[in-house]
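The values are calculated or read from the model by the stated rules, or taken from the named source; none is laboratory data. Values in this document were obtained by computation on a predicted structure and should not be read as measured data. For neighbour counting, all protein chains shown are included, and Cβ atoms are generated from backbone atoms with ideal geometry for every residue, glycine included.
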Amino acid sequence: MASPIEDYALLSDSRTAALVSRDGSIDWLCLPRFDSPSAFGALLGDEEHGCWQLRPSDPQARATRAYDDGTFTLVTRWECADGVAEVHELLTVTDERRAGSRTSDLVRHIVGISGTVEFTHSIRFRFAYARSVPWVRQRRGTAVPEIIAIAGPDAISVRGAALKADDHVHRGTCTVGEGDTVDLVLSWHPSAEPSPPPLDVDDAIEQTRVWWQSWADRIDAPPEYREQVMRSLLILRALTHRDTGGIVAAATTSLPEQFGGVRNWDYRFVWLRDAALTLEAFLAHGFLGIAEHWRMWLLRAVAGDPGQLQIVYGIAGERDLWERELESLPGYQGASPVRIGNDAARQYQADVIGEVLVALDVAREAGLEETEFSWPLQRSLLQKALDRIDDPDNGIWEIRGEPRMFTHSRAMMWAAFDRGVRAVQRHGLDGPVELWEKTRDRLRDEIDAHGVSAEGYFTQSYGSDEVDASLLVLPMVGFCDAEDPRMLATVAEIERTLVRDGLVHRYRTSSGVDGLPGDEHPFLACSFWLVEQYAASGRRDDAIALMDRVCALANDVGMLSEEYDVEERRHVGNTPQALSHLALVQAADSLVGSGSPSRHAPRLARSRADRSREASATRRPDRPAGGRTSVPRRGTHPGRTGRRPHAAREPRSLPQTPAHPARRGHRAASRHPPGHPSRSTPRRRRSRRARRAGRRTADGSRSRSRANAARFPRWRRSARACP
């Protein structure tokens with residue numbers, strides 16, 4: 001049976017992902033992409049559905065684990081009766097082609113620390129979601145033992161230790177003493193192409209470390225929640241495909257929202273909403289290159305008639321996401337059906353265009369220039385919103401019941417037209433601004449008339465008295481103030497009906513709104529939204545208490561799933577969930593600027609003294625100025641060695657052009673492999689006079705330097721143009 005969801009750690013090369021249990025079993029791996037059929041599927045069944053187990057032969061061995069600093073190299077330390085050893089596991093980030101062959105490589109690097117430790121490993125190949133047992137053979141005449149498994153379009157080789165066949169399982173042992181190493185390497189390649197040559201393991205480990213660490217070193221995080229924000233941003237980067245720019249919602253499919261229930265969905269695709277929100281989290285921390293990459297993905301995905309817009313696409317923009325149920329996998333701990341594909345692609349969700357336009361507005365404010373295609377696309381999206389202005393929709397939660405006029409969806413449509421108006425008035429772009437203003441005002445009047453209950457709180461949908469956690473987003477997009485009486489009444493109703501055991505549910509499933517049987521657990525992103533609302537409405541102590549409560553639900557390597565079972569103290573739903581992690585980042589950011597307006601609305605420039613007072617106000621009296629006492633600093637985490645402390649980090653210089661090598665960042669671009677974020681083109685610096693001026697432009701808006709100062713707190717403003 002699969003391990004508890006919270007027992008898994010993520011490996012990623014930003015093309016696909018693997019999940020490794022505490023016990024050393026890789027129970028989920030799809031190659032070569034996140035949404036490819038699984039080669040190991042024990043996560044949704046048991047070991048007979050495919051897995052790769054590696055652990056000491058000693059059944060009493062004790063394991064502790066942590067990521068290697070700001071990377072996705074998982075270091076598991078095994079302490080046994082006869083010795084100590086570590087297993088370093090990673091999906092390598094190297095050139096996709098090796099000697100002309102396309103490949104993906106997973107490395108398990110065993111290091112002897114003291115004494116001697118014998119490891120047992122077994123591997124069960126089950127391709128195509130356990131529907132295909134491949135043909136497996138031993139390779140003869142190779143320098144190291146090697147087996148190769150082939151079925152249909154896929155081939156996987158495993159090199160490094162002798163394995164013997166035992167009824168569709170391959171088993172073996174290896175022993176390490178102090179200072180010894182053993183490398184086990186799994187390599188995927190198309191079965192019609194030649195096998196790639198052996199991987200240079202040491203070089204691949206170093207390239208991968210540099211790729212991740214140099215990206216992590218660019219993260220500016222609020223000191224109170226530094227470790228959580230850094231790991232969350234890294235997880236969001238891990239879920240962003242480094243070739244296409246598509247941002248998947250999670251690395252898994254069909255992990256249940258209710259154990260034993262039917263609420264099991266495939267999240268390995270790019271939801272425009274989730275991707276747009278992820279984009280805002282990246283932009284708030286200076287990663288402008290990712291915004292440009294995703295905007296290009298959007299242009300390709302929506303190419304042609306925007307009237308055919310879907311709310312979710314494949315990783316490269318594919319439209320065919322036909323949902324079907326698999327009989328080959330019994331489901332996580334028996335929760336069936338297992339689904340691949342997602343019929344939400346056929347739904348109309350009116351809020352999505354608003355989420356996309358809001359994110360692209362944030363990118364524009366951060367300095368991302370419009371292209372000859374990007375603004376016409378946004379105009380087309382606004383036209384689609386106009387064409388369906390009176391249509392009910394399925395809402396942010398993708399209900400499978402009857403479409404409704406959801407208040408959150410209508411508010412996001414308001415936000416879409418508001419950002420269209422702002423683009424014309426503040427940035428001089430062309431568009432029918434009078435029509436957009438009229439539509440925006442009509443939507444506000446409509447929500448005021450039909451989206452507010454007799455008791456004075458915003459409702460889930462027109463004509464309903466139910467409340468919905470998505471309504472917490474309204475102040476964030478600027479529809480109303482966080483201290484608006486209607487918003488305060490909405491929070492009170494959410495606390496009364498949706499908060500259980502201190503965590504927030506999306507809505508009351510007993511109302512029948514979603515058209516599905518069964519119940520669900522608290523939705524983690526909603527609790528983070530309530531943190532933002534508390535912080536913006538002056539309830540700072542409540543915000544900090546809830547933030548600490550939800551952050552404490554992450555597992556030992558900082559991962560969050562979609563939901564949390566309070567009674568069983570277990571993660572629930574697909575993992576790691578992008579929405580949970582991006583909401584964590586935004587909630588942490590809001591605590592630094594407590595009481596400030598929406599993160600999506602333009603902010604007034606603040607003095608350094610103002611920012612200092614705000615940071616001090618969010619700090620607990622029992623916490624030192626340097627950060628949270630409960631979070632270990634890098635270099636002091638149990639099991640981690642060789643890390644440098646971050647408390648005295650020097651400010652980083654802005655990237656410079658090659659003409660000024662002395663002013664480049666901490667590493668020269670030539671030291672990194674192709675495709676590495678450090679190889680991206682640096683942004684051109686403005687003249688000193690332009691940077692200093694901050695004067696108004698011809699249309700009355702502030703210059704870009706002042707607009708950026710207004711949009712982001714100082715610790716976030718580090719003009720980096722990297723992916």
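Counting the residues of the range 541-555 that are in contact with a Lys or Arg (Cβ under 8 Å, 6 or more places away or on another chain) and either polar (S, T, N, Q) or surrounded by fewer than 18 Cβ atoms within 10 Å (Cβ to Cβ) (or both) gives 0. Residues in the range 365-408 that are under 23 Å from R422 (Cβ atoms), among the β-branched types (V, I, T) and in a loop (DSSP other than H, G, I, E, B): T371, I389, I396. Scanning the range 556-591 for residues that are surrounded by 23 or more Cβ atoms within 10 Å (Cβ to Cβ) and among the β-branched types (V, I, T), we see that the one that is farthest from Q333 (Cα to Cα) is V585. Taking first residues from the range 397-413 that are within 10 Å of G451 (Cα to Cα) and at pLDDT 95 or above and partners that are assigned to a loop (DSSP other than H, G, I, E, B) and of a type in the set (D, E), the Cβ contacts under 7 Å between residues at least 6 apart in sequence or on separate chains come to H408/D468.
Could you say whether any residue in the range 158-175 is under 18 Å from C51 (Cα atoms), charged (D, E, K, R), touching a residue at least 40 places away in the same chain (Cβ under 8 Å) and in a loop (DSSP other than H, G, I, E, B)? No, that holds for no residue. Residues considered: G420, G456, G463, G428. Of these, the only one that is buried (at least 19 other Cβ atoms within 10 Å of the Cβ) and either out of contact with any Ser or Thr (no Cβ under 9 Å at 6 or more places or on another chain) or at pLDDT 95 or above (or both) is G420. In the range 548-567, the residue that is nearest to the chain's Cα centre (by Cα) out of those that are part of a loop (DSSP other than H, G, I, E, B) and within 13 Å of E520 (Cα to Cα) is E562. When the test is whether a residue is within 20 Å of D202 (Cα to Cα) and part of a strand (DSSP E or B), H88 passes it.
Of all residues in the range 34-75, those satisfying the criterion of being under 23 Å from the mean Cα position of the chain (by Cα), over 30 Å from D154 (Cα atoms) and assigned to a loop (DSSP other than H, G, I, E, B) are D68, D69, G70.
Considering L234, L299, L321, the condition of being over 19 Å from L357 (Cα atoms) and in a helix (DSSP H, G or I) is satisfied by L234 alone. When F373 is tested against (1) at pLDDT 95 or above; (2) in contact with a Leu (Cβ under 6 Å, 6 or more places away or on another chain), exactly one condition is not met: (1). One residue is enough: does the range 582-594 have a residue meeting the conditions farther than 25 Å from L234 by Cβ, of a type in the set (V, I, T) and out of contact with any Gly (no Cβ under 7 Å at 6 or more places or on another chain)? For the range 582-594, residues farther than 25 Å from L234 by Cβ, of a type in the set (V, I, T) and out of contact with any Gly (no Cβ under 7 Å at 6 or more places or on another chain): absent. Considering L233, L239, L255, the condition of being more than 26 Å from R295 (Cα to Cα) and surrounded by 24 or more Cβ atoms within 10 Å (Cβ to Cβ) is satisfied by L255 alone.
Looking only at the range 279-294, decide whether some residue is buried (at least 24 other Cβ atoms within 10 Å of the Cβ) and closer than 24 Å to L386 by Cα. The answer is no, given that none of the residues of the range 279-294 is buried (at least 24 other Cβ atoms within 10 Å of the Cβ) and closer than 24 Å to L386 by Cα. The set of residues in the range 152-187 that are among the small types (G, A, S), over 18 Å from D58 (Cα atoms) and surrounded by fewer than 19 Cβ atoms within 10 Å (Cβ to Cβ) comprises G152, A162, A165, G179. Residue count for the range 106-143 satisfying the condition of being among the aromatic types (F, W, Y), out of contact with any Cys (no Cβ under 7 Å at 6 or more places or on another chain) and surrounded by 19 or more Cβ atoms within 10 Å (Cβ to Cβ): 3.
Suppose the filter is touching a residue at least 60 places away in the same chain (Cβ under 8 Å), in the same structural domain as S36 (by TED's automatic domain parsing) and either among the charged types (D, E, K, R) or touching a Leu at 6+ places or on another chain (Cβ under 7 Å) (or both); does D200 pass it? Against the criterion (touching a residue at least 60 places away in the same chain (Cβ under 8 Å), in the same structural domain as S36 (by TED's automatic domain parsing) and either among the charged types (D, E, K, R) or touching a Leu at 6+ places or on another chain (Cβ under 7 Å) (or both)), D200 does not qualify. Comparison of G304, G245, G260 shows that the only residue that is surrounded by 21 or more Cβ atoms within 10 Å (Cβ to Cβ), in a loop (DSSP other than H, G, I, E, B), at positive phi and of a type outside the set (A, V, I, L, M, F, W, C) is G245. Which members of the range 47-62 meet the condition of being over 12 Å from T120 (Cβ atoms) and among the charged types (D, E, K, R)? Scanning the range 47-62 gives E47, E48, R62. Of all residues in the range 76-85, those being out of contact with any Gly (no Cβ under 7 Å at 6 or more places or on another chain) and either in a strand (DSSP E or B) or outside the structural domain of S14 (by TED's automatic domain parsing) (or both) number 2. Would you be able to say whether some residue in the range 456-464 is part of a helix (DSSP H, G or I) and closer than 24 Å to A525 by Cβ? Within the range 456-464 (the criterion being part of a helix (DSSP H, G or I) and closer than 24 Å to A525 by Cβ), the answer is no, since none of the residues qualifies.
Within the range 483-515, the set of residues being without any contact (Cβ under 8 Å) to a residue 60 or more places away in the chain, in a loop (DSSP other than H, G, I, E, B) and closer than 25 Å to V356 by Cα comprises H505 only.
In this structure, R231 qualifies as at pLDDT 95 or above and not assigned by TED's automatic domain parsing to the domain that holds F72. Within the range 533-558, residues that are within 13 Å of S580 (Cα to Cα) sit with their Cβ atoms under 7 Å from residues that are surrounded by 15 or more Cβ atoms within 10 Å (Cβ to Cβ) and among the small types (G, A, S), at 6+ positions apart or across chains, in these pairs: M547/A587; V550/S527.
For the structure I just gave you, tell me whether R486 is of a type outside the set (A, V, I, L, M) and modelled with pLDDT under 95. Answer is no for this residue. Taking first residues from the range 340-366 that are over 26 Å from P256 (Cα atoms) and partners that are of a type in the set (V, I, T) and in a helix (DSSP H, G or I), the Cβ contacts under 9 Å between residues at least 6 apart in sequence or on separate chains come to A359/T278. Which residue, of D27, D23, is in contact with a helix residue (DSSP H, G or I) (Cβ under 7 Å, 6 or more places away or on another chain) and free of Cβ contacts under 8 Å to residues at least 60 places away in the same chain? Only one candidate qualifies: D27.
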